[in-house]
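None of the figures in this text is laboratory data; all of them are computed from the coordinates on show. None of the values given here were measured: they were computed from a predicted structure. A quick note on method: Cβ atoms are made from the backbone with ideal geometry, for glycine too, and the neighbour counts reach across all protein chains shown.
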Protein chains: 2
Amino acid sequence: MRDVSIIGIGQTKVKEHWNKSLRQLATEAMLKAMQDAHADHVDALYVGNMLSGVLGGQEQLATLIADAVGMRGIEALKIEAANGAGAGALHMAYLAVASGAYDYVAVVGVEKMTEASNCAATAATSMAGDADYEAMLGISPAALAALLMRRYMHEYDLVAEDMAGFSVNAHANAVNNPHAMFPRPITREAFVAAKMIADPVNLLDSAPLGDGAAAIILTANDNLNGNRATAVRIAASTVATDALSLAERKDPLWLAAAEKSAHKAYAQARVKSEEIDLFELHDAYTILSTLALEAAGFAERGRGAYLSRDGDITPRGRVPVSTMGGLKARGHPVGATGVYQAVEIAQQLRGQAGKNQVANARVGMAQSLGGVGATAITHIFTN
Amino acid sequence: MRDVSIIGIGQTKVKEHWNKSLRQLATEAMLKAMQDAHADHVDALYVGNMLSGVLGGQEQLATLIADAVGMRGIEALKIEAANGAGAGALHMAYLAVASGAYDYVAVVGVEKMTEASNCAATAATSMAGDADYEAMLGISPAALAALLMRRYMHEYDLVAEDMAGFSVNAHANAVNNPHAMFPRPITREAFVAAKMIADPVNLLDSAPLGDGAAAIILTANDNLNGNRATAVRIAASTVATDALSLAERKDPLWLAAAEKSAHKAYAQARVKSEEIDLFELHDAYTILSTLALEAAGFAERGRGAYLSRDGDITPRGRVPVSTMGGLKARGHPVGATGVYQAVEIAQQLRGQAGKNQVANARVGMAQSLGGVGATAITHIFTN
């Protein structure tokens, strides 16, 4: 397999883009990434997206975007893995370049949650759950997160406020990210007082759904040429899965897919968790951040939330997470989120993260989850 | 890149499976393919599907299926390219094995069109067109095919009956396929008398939508072991694209993506079109068969339909097509169709095609289209 690097990144601001369509958002991100890579062509385009059909009535989305960005004719396919779609597309692009089939491959993660024509956004995101055994009973992702959080608090004798640090950190970091949906700080008091969504999950436990697109250009390391100084190497790209339905899992408080995917990634990259300088995790809900930190080996079982309490997760902490705002404050454009995470790690490893720069960042890990952890896709990047 | 072969195939009958869910159909096909491959494990699963979200409220489908088939934990991703999804998943699986990342990869194409909870099937298939410029105006796939067929008949001075041979051949072949949706012959007279769907496209120009699943197990040629005798080599796997919207294409009567994908495949496999012993084409409408034959170089422009008139497309003809019934009579389970095509070519190259066996079949080509040719995915197989 060939070594593969990121040579171009691009992103739109995450927000409610009422006046931009799927193809416009994708084009904006893609053209930025092409410019960043000093490239005028790619051999293939993989698009990560969950809901273009359900919400926008548009399938065959990758082909549509290939045409919209001025590359009619090239290979184009869409990858879907619920919220993990963007990271799934990055994984496929990695394999395509690693295989030797293509020299330049683009990844675009794009999602449009506003202006949905066919279905409410929350009902749509529920399609990440088991349609026959969860969603049809009305169990939304927030309700699943609530079940997990309630059980976790019971098992480990915590209160909801113990997870406030995740959201406080995310919002503090988003302040310095021009692409963030909510670039403003929040206090611990605001967290405690926030409106309840699905008890004990409140508004500030939850990442806001938004519209947005992020793009990445990959090439084999043999082709770096003028991009050598800014190239970010993909040291690992792994996917693992679990049961969709929480009730079918051996242990609902253990994200088995996240653990498996992370440990496969450590082996592939030949690094230990202690060597990870920053970890862009899937903070759709604070309980998922907690469980992801445990699954990836950064905390013992029942101790994940303590990392947020003790300041370990800030850009100057031991395990910086959500360094540009995370899903929580940069915003969560569902199937695009995994590509945003990779773009942000590239910014960190290039030293382009501004005020949120993690000092001497050399190894970054991104983990994107489908649903509440049924799919876990982990990438490790090095500079 | 490593050489890659098919070592296992499985399929369900295509029909209205009112009492089988997506996961049940997928499991049935997958377990057959595993048994055929003498395999008890794969490293990754790629699922081709267009409409599980829109029609079934189920996204994250590949992860669901990995669990349903008893392989919880493995890598799993869904690929979408409208009707071309199944072939797209096969392409991704091919790249994954060719790259060296995985030794055994499964492909499952699955679609469930009946028992849709959210949306009518025809409205759903319209999502293969451009949502903003075609589907929102009510233009269905049949209407797009009608525009093409009407123009083609005008340009080349043909009548609709000139395309009857495609459907007559498909139904004649389906008679000997136990998995076919409509295993009964039709006459040219029945074709002419068939109910009009979208003038000049009639019921017997059109492939019936159905439910079904087909599965394939791939491995690298180094791992063939006991499967050597039945292995079918993938000599080429290519994807090309065009504008979704017919109005945006340079020449609506020329399937540019189909041409590009086929010619890339000939180059990759180092074969000429004359060496293709059978061609499983995307006969969703007779006009698409006509145009696909021209795009792939089997007929001059304006002469594609003549192949059907002159008997060249029967299993004993010069260019056998739809040898097990094609989309037209085996049935068209949208995102699964591309996997069915590959399974049927494997049957032919193994000499397992029964009464429809193409004598001395050594090189088979499958081409799956997304929409009316916006995505074209071509595979060439050899034994």
| Theoretical ellipticity at 222 nm over the protein assembly as shown - DSSP helices of four or more residues, -39500 (n - 2.57) apiece, nearest 500 | -10000 deg cm²/dmol
| task | Compute the long axis of helix B:256-269 from its Cα atoms, compare it with the longest principal axis of the Cα atoms of chain B, and write down the angle in degrees, 0 to 90, nearest 10. | result | 40 degrees
| query | What does the protein assembly as shown give for Rg and for Dmax, in Å, if only its C-alpha atoms count? | reply | 25.1, 80
| To the nearest 20 debye, what charge dipole does the protein assembly as shown have about its Cα centre, counting +1 at the Cβ of each Lys and Arg and -1 at the Cβ of each Asp and Glu? | 640 debye
| task | Could you work out the mean count of beta carbons from other protein chains within 10 Å of each residue's beta carbon in A:124-134? | result | 5
| request: Can you pull the one-decimal nm distance between simple spin-label points at A:Arg233 and B:Lys272, each 7 Å off the Cα toward Cβ? | output: 4.7 nm
| task | Take the rotation relating chain B to chain A, measure from its axis to every Cβ in chain B, and name the nearest residue with the distance in whole Å. | result | B:Ser99, 2
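Semi-axes of the equivalent ellipsoid for chain B, please: Cα gyration tensor eigenvalues, times 5, square-rooted, ordered largest first, whole Å.
Those come to 30, 23, 19 Å.
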| remark: In nanometres, the difference between 0.36 nm per residue of separation and the alpha-carbon distance of A:Arg316 and A:Glu300 is 3.6 nm
| With charges set only on the Cβ (+1 for Lys and Arg, -1 for Asp and Glu), what does the dipole of chain B come to about its Cα centre, in debye to the nearest 20? | 780 debye
| query | Angle, helix A:286-295 long axis vs. longest principal axis of chain A, Cα atoms, 0 to 90°, nearest 10? | reply | 70 degrees
| So, in nm, how far is label A:Glu161 from label A:Asp222 when the simple model puts each one 7 Å beyond its Cα toward the Cβ? | 6.0 nm
| message | Under the rule of at least 5 residues apart or a separate chain, name every residue whose amide H is placed under 5 Å from the amide H of B:Ile197. | response | B:Asn202, B:Leu203
| query | Between the stretch A:244-259 and the stretch B:234-307, how many Å separate their Cα centres? | reply | 46 Å
| Cα-based Rg of the stretch B:68-182 per 2.2 N^0.38 Å, rounded to two decimals? | 1.44
| request: Can you bin the stretch A:204-320 into rounded, prolate or oblate? Criterion: square roots of the alpha carbon gyration tensor eigenvalues sorted a ≥ b ≥ c, rounded for a/c under 1.5, prolate for a/b above b/c, oblate for the rest. | output: prolate
| If r is the Cβ-Cβ distance from A:Asp251 to B:Arg184 and R0 is 45 Å, what FRET efficiency results, to the nearest 0.05? | 0.30
| What is the sum of charges around B:Pro333, taking Lys and Arg as +1, Asp and Glu as -1, for the other residues whose C-beta is under 11 Å from the C-beta of B:Pro333? | +1
| request: Please work out how much length the chain gains when fully extended from A:His41 to A:Val175, using 0.36 nm per residue of separation minus the C-alpha to C-alpha distance, in nm with one decimal. | output: 44.8 nm
| field | Theoretical gain in end-to-end length, B:Arg151 to B:Val192 [0.36 nm per residue, Cα-Cα removed] | value | 12.9 nm
| message | Tell me the relative contact order for chain B as a rounded percent, counting alpha carbon contacts under 8 Å between residues six or more apart. | response | 26 percent
| task | Output, in nm with one decimal and in ascending order, the distances from the A:His38 label point to the matching label points of the other copies (7 Å from Cα along Cα-to-Cβ). | result | 5.4
| field | Other copies of A:Glu275: label-to-label distances in nm, shortest first, labels 7 Å along the beta-carbon direction | value | 4.6
| field | Dipole of the stretch B:181-336, positive direction: furthest Cα of B:Leu291, B:Ile217, B:Gly331, with charges on the beta-carbon | value | B:Ile217
| Dipole of the stretch A:215-314 [Lys/Arg +1, Asp/Glu -1 at C-beta], most positive-end residue of A:Pro252, A:Thr230, A:Gly304 | A:Thr230
| request: For helix B:337-350, report the angle its Cα long axis makes with the longest principal axis of the Cα atoms of chain B; keep it between 0 and 90° and round to the nearest 10°. | output: 70 degrees
| Quick one: label points 7 angstrom along Cα→Cβ at A:Gly317, distances to the other copies in nm, smallest first? | 6.9
| remark: If every Lys and Arg gets +1 and every Asp and Glu gets -1 at its Cβ, then about the Cα centre the stretch A:9-88 yields a dipole, in debye to the nearest 20, of 280 debye
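Across the residues of B:368-375, average count of Cβ atoms on other protein chains within 10 Å? If you can, show how the numbers build up before the last one.
Working: counts 0, 0, 6, 4, 0, 0, 7, 9.
Taking the mean over all residues of the peptide, I get 3.
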| remark: the stretch B:314-345 and the stretch A:347-383 have their Cα centres apart by a whole-number Å value of 45 Å
| field | Neighbour net charge for A:Ala220 - beta-carbon separation under 10 angstrom, K R +1, D E -1 | value | -2
| Based on the alpha-carbon gyration tensor of the stretch A:125-196 and its eigenvalue square roots a ≥ b ≥ c, which shape applies: rounded if a/c is under 1.5, prolate if not and a/b is larger than b/c, or oblate? | oblate
| remark: the stretch B:97-162 -> Rg/Rh from Cα coords, Kirkwood Rh, value 1.21
| task | Please name which of A:Cys119, A:His179, A:Val201 has its Cα lying farthest along the dipole of chain A towards the positive end, using unit charges on Cβ (Lys, Arg +1; Asp, Glu -1) and the Cα centre as origin. | result | A:His179
| field | Of A:Ala124, A:Ala66, A:Ala145, the one that fluctuates the most in a GNM where chain A has Cα springs shorter than 10 Å | value | A:Ala124
| Going by the alpha-carbon gyration tensor, a ≥ b ≥ c the square roots of its eigenvalues, is the stretch A:274-351 rounded (a/c under 1.5) or, if a/c is not under 1.5, prolate (a/b greater than b/c) versus oblate? | oblate
